[in-house]
Amino acid sequence: MACVKCGYTSSRGDKVVSRLSHERESIIVLSREEQKIRTLPKTKADCPKCSNREAFYWLVQTRGADESSTQFFRCTNCGATWRENS
């Protein structure tokens, strides 16, 4: 696995999820196999690329603890990912 942000690579065996720290944030690197697993909840959302009306979603605390979370969406049709600050 490799971090797309800093280029760090890891050869720790068959780990599916690897957590790497970068200054103030934590980045989760998913392997190709895990990206195929569709266990996230779904919601109605308009994809900006293919206009599909369904997407997987998850919340991440990307800013300070006293600020709201960021909601990420991934299209169930084309796989496009976008975010919405709440």
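The values are calculated or read from the model by the stated rules, or taken from the named source; none is laboratory data. Since the model is a prediction, treat every value here as computed from it, not as a measurement. Heads up, the Cβs are rebuilt from the backbone with ideal geometry, glycines too, and the neighbour counts pull from every protein chain shown.
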- Pair list, Cβ < 9 Å and 6+ apart or interchain, from region 52-68 residues that are among the hydroxyl-bearing types (Ser, Thr, Tyr) to residues that are assigned to a loop (DSSP other than H, G, I, E, B): 57/40; 57/41; 57/45; 62/69; 68/61; 68/86
- Item | Residue under evaluation residue 84, criteria (1) modelled with pLDDT of 75 or more; (2) loosely packed, with under 12 Cβ neighbours inside 10 Å; (3) not in a strand (DSSP E or B), criterion not met | (3)
- Query: Given 38, 74, which one is closer than 25 Å to residue 2 by Cβ and modelled with pLDDT of 90 or more?
  - Reply: 74
